[in-house]
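Bear in mind these aren't lab numbers, they're just calculated from the coordinates by the rules spelled out. Just so you know, these numbers come straight off a predicted model, no measurement behind them. Reconstructed Cβ throughout: ideal geometry from the backbone, glycine too, with neighbour counts over all protein chains shown.
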Protein chains: 2
Amino acid sequence: MDSIKVFSPGSVTNLSCGYDILGFCLDKVGDTITVTKTSEKGIKISSIDKYNLPTNINQNVAGIAAQAMIKDIKLDYGFDIKIKKGIKPGSGIGSSAASSAGVVFAINKLIDYPFSDLELIRFAMEGEKFVSGSYHADNVSPILLGGFTLVRSVKDLDIIKLPNPKGLIATIIRPEIEIKTSDSRKVVKSKVTIDKMVQQSANLAAFISSLYTEDYDLMSNSIVDEIIEPDRAILIPEFYNIKDISIKSGAIACGISGSGPAIFALSKNNKIANDILNKMSSHFNSVNISYNGFVSIINSEGVKVID
Amino acid sequence: MDSIKVFSPGSVTNLSCGYDILGFCLDKVGDTITVTKTSEKGIKISSIDKYNLPTNINQNVAGIAAQAMIKDIKLDYGFDIKIKKGIKPGSGIGSSAASSAGVVFAINKLIDYPFSDLELIRFAMEGEKFVSGSYHADNVSPILLGGFTLVRSVKDLDIIKLPNPKGLIATIIRPEIEIKTSDSRKVVKSKVTIDKMVQQSANLAAFISSLYTEDYDLMSNSIVDEIIEPDRAILIPEFYNIKDISIKSGAIACGISGSGPAIFALSKNNKIANDILNKMSSHFNSVNISYNGFVSIINSEGVKVID
């Protein structure tokens, strides 16, 4: 195989109760990445279709992840990367992770799978580190493993694939503003009280249980964030109104996706998810805020070969 | 029925990763409580066999829980309570909770079950509040529900019964010193960094997953406490040596039970659990510290009628 095209989807992280460690894989949106073997060694990014992203491999997450991957293996060829961005950077649904994870997944196929999923996560995290300043696996894990994932430890690279309850479906809406992950991290307080920690971790623990038991009432009560959301919500126009609309329309839960500004809602079925999208859209229209929204299943497979 | 005798077991809480919210029910030790209807209305504690505990119903956790329970119901009789303590107060395996939970469970049977398990937990928590200064359901929940429990919210009384993996068995050892819960709470810091919170909650989330999947390697990696244990361990003689011995002898994990001084270890089978008990005992013998230890299954049923 000399060339491969993959679809690397977006992802939703934090899910209110699992800051920095919880995520799920989207299906509807993502980057389309073509990687072709070249006679010239090394990595080259020959095109990125939009958003004015750097093609310099030392300034681009995909280039950084790909270099980390091939650094210690002996190859007598190189790779050309072409990226069609399906996710706008700074949107909160893992734009950088889609590029990093997609590229390492594609190269791994081209060189006949020497690396495990966990190793791919480690390489993709190099891209995440470049863009956010620290190692995070919460976006790249669901892209590479599919479904819901929990990052128990970045240091030990201990990542758990969680159940993906049938029928669960996401509504995503993003007001047209950009929030840089690094900026959004700055508003997070550096310390929390033990009481808040206990409350937040109880919600996370209950959410994990709800995925196994498909108890949507428990899930609804668990997707709560009294630590990060109050600070980050300030950066997202109409957040509390959108959340209110979602819950009143039957969402299991609604919160900030990643570091925002995208907002996610989870619903029991497609009808409710689309109804929520319509009502969210109407609201943003009524207040004259541009937005972009869609409904997506939780993608169990993750990144995949499309050509 | 005019009289009932119940066995109300001990419980292990915190389990390193679930401070204040996680617990499991022991089987081997507990209080034996006899409640008898009396023509005189109200609650009376006619005997407690040891530890010099108060029989004044306003100074005793069982009396306080029982009063909370019957406060709003009309009865033309009262109750006499006799308690045989099987758990020493201040040992870290839920001595007060066993008395509170056992008494409300017994009275509920005598008055033909008007209250749900959750309501019984609420009444039993009144005893816990008296003894520790705040409402906690982490000990009383596993006693009343059996197995492993998670307290998502004390305020909303949202309590989840978790799976109880077959074969999982506990070793408990308690050096003969007393730690008051209220004293042990004082050494806990009031704030933690977000990083520590993320790490601790990731461990808790992974532990919940491990109960559903019976993944003992994950369980072992998850029962970790970098927040509370380092401060509380100072109060418990030989804690780190006992922990080291347990892990080297094949324990899945070892940590402080509740607020200590009891130490718990979890093992995959009875043989390992007993081997650990023997080695822990030898160690305490070698350093001339009195102790009390036993092996117990995780009790799925909780408090039960014995006569």
* Asked: Expressed as a rounded percentage, what relative contact order does chain B have, with Cα pairs under 8 Å and six or more residues apart?
  -> 25 percent
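Place a +1 charge on the Cβ of each Lys and Arg in region A:1-91 and a -1 charge on the Cβ of each Asp and Glu, then give the dipole magnitude about the Cα centre in debye, rounded to the nearest 20.
In debye, rounded to 20, region A:1-91 gives about 200.
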* With a/c under 1.5 counting as rounded, go ahead and sort region B:195-262 into rounded, prolate or oblate using the C-alpha gyration tensor (a ≥ b ≥ c being the square roots of the eigenvalues; past the cut-off, prolate if a/b is larger than b/c, else oblate). => oblate
* Asked: What is region A:78-126 by shape, rounded, prolate or oblate, if you read a ≥ b ≥ c off the alpha carbon gyration tensor as root eigenvalues and call it rounded for a/c under 1.5, prolate for a/b larger than b/c, and oblate otherwise?
  -> oblate
* Structure fact -> Per GNM of chain A with C-alpha springs under 10 angstrom, the most fluctuating residue out of A:173, A:289, A:143 is A:289
* How do B:218, A:235 line up, fewest other C-beta atoms within 10 Å first? -> A:235, B:218
* To do: Answer rounded, prolate or oblate for chain A, using the Cα gyration tensor with square roots of eigenvalues a ≥ b ≥ c: rounded when a/c is under 1.5, else prolate when a/b is larger than b/c, else oblate.
  => prolate
* Of the residues A:135, A:216, A:51, which exhibits the maximal mean-square fluctuation in a Gaussian network model of chain A defined by a 10 Å Cα contact cut-off? -> A:51
* Got the residue B:269 label distances to the other copies yet, label 7 Å along Cα→Cβ, in nm, shortest first? -> 4.8
* **Rg in Å to one decimal, and Dmax rounded to a whole Å, for region B:110-218 via C-alpha atoms** => 16.5, 50
* To do: May I ask you to give the average projected area over all directions of the convex hull of the Cα atoms of region A:1-144, in nm² rounded to one decimal?
  => 7.8 nm²
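If r is the Cβ-Cβ distance from residue A:74 to residue A:289 and R0 is 45 Å, what FRET efficiency results, to the nearest 0.05?
Calculated transfer efficiency: 0.30.
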* Asked: What is the Cα centroid distance between region B:237-281 and region A:215-276, reported in whole angstrom?
  -> 43 Å
* Asked: Quick one: what do you get for region B:246-295 if you divide its Cα Rg by 2.2 N^0.38 Å?
  -> 1.09
* For every other residue with a beta carbon closer than 11 angstrom to the beta carbon of residue A:14, add +1 if it is Lys or Arg and -1 if Asp or Glu, then tell me the sum. => -3
* Which entries in the list A:268/B:155; A:88/A:186; B:248/B:271; B:28/B:82 go over 23 Å, if you measure between the two C-alpha atoms of each? -> A:268/B:155
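What is the fewest-to-most order of B:295, B:12 by other Cβ atoms lying within 10 Å of their Cβ?
Placing the least packed residue first, the sequence is B:295, B:12.
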* Structure fact -> Connecting every pair of Cα atoms under 10 Å apart in chain A and solving the GNM, the largest mean-square fluctuation among A:66, A:97, A:205 falls on A:205
* For the protein assembly as shown, take the alpha-carbon Rg, divide it by the Kirkwood Rh, and send me Rg/Rh. => 1.05
* Asked: Using the Kyte-Doolittle scale, which helices in chain A average at least -0.5 and also have C-alpha atoms spread 27 Å or more along the helix axis, with helices defined as whole DSSP H runs?
  -> A:194-213
* **FRET efficiency estimate (nearest 0.05) - Cβ-Cβ, residue A:157 to residue B:189, R0 30 angstrom** => 0.55
* Asked: Quick one: label points 7 angstrom along Cα→Cβ at residue A:38, distances to the other copies in nm, smallest first?
  -> 9.0
* Would you please state which residues of region B:98-118 a label at residue B:1 would reach in this model, taking the label point 7 Å out along Cα→Cβ and a backbone N cut-off of under 13 Å? => B:103-115
* To do: Quick one: give the max-minus-min coordinate of the C-alpha atoms of region B:28-81 along each principal axis, largest first, in Å.
  => 34, 20, 19
* Shortest-first nm distances, residue B:191 label point to equivalent points in other copies (7 Å, Cα→Cβ) -> 0.3
* Structure fact -> Ranked from fewest to most other Cβ atoms within 10 Å of their own Cβ, B:149, A:193 fall in the order A:193, B:149
* Bins of 10 Å from zero: percent of alpha-carbon pairs in region B:169-297 -> 13, 41, 35, 11, 0
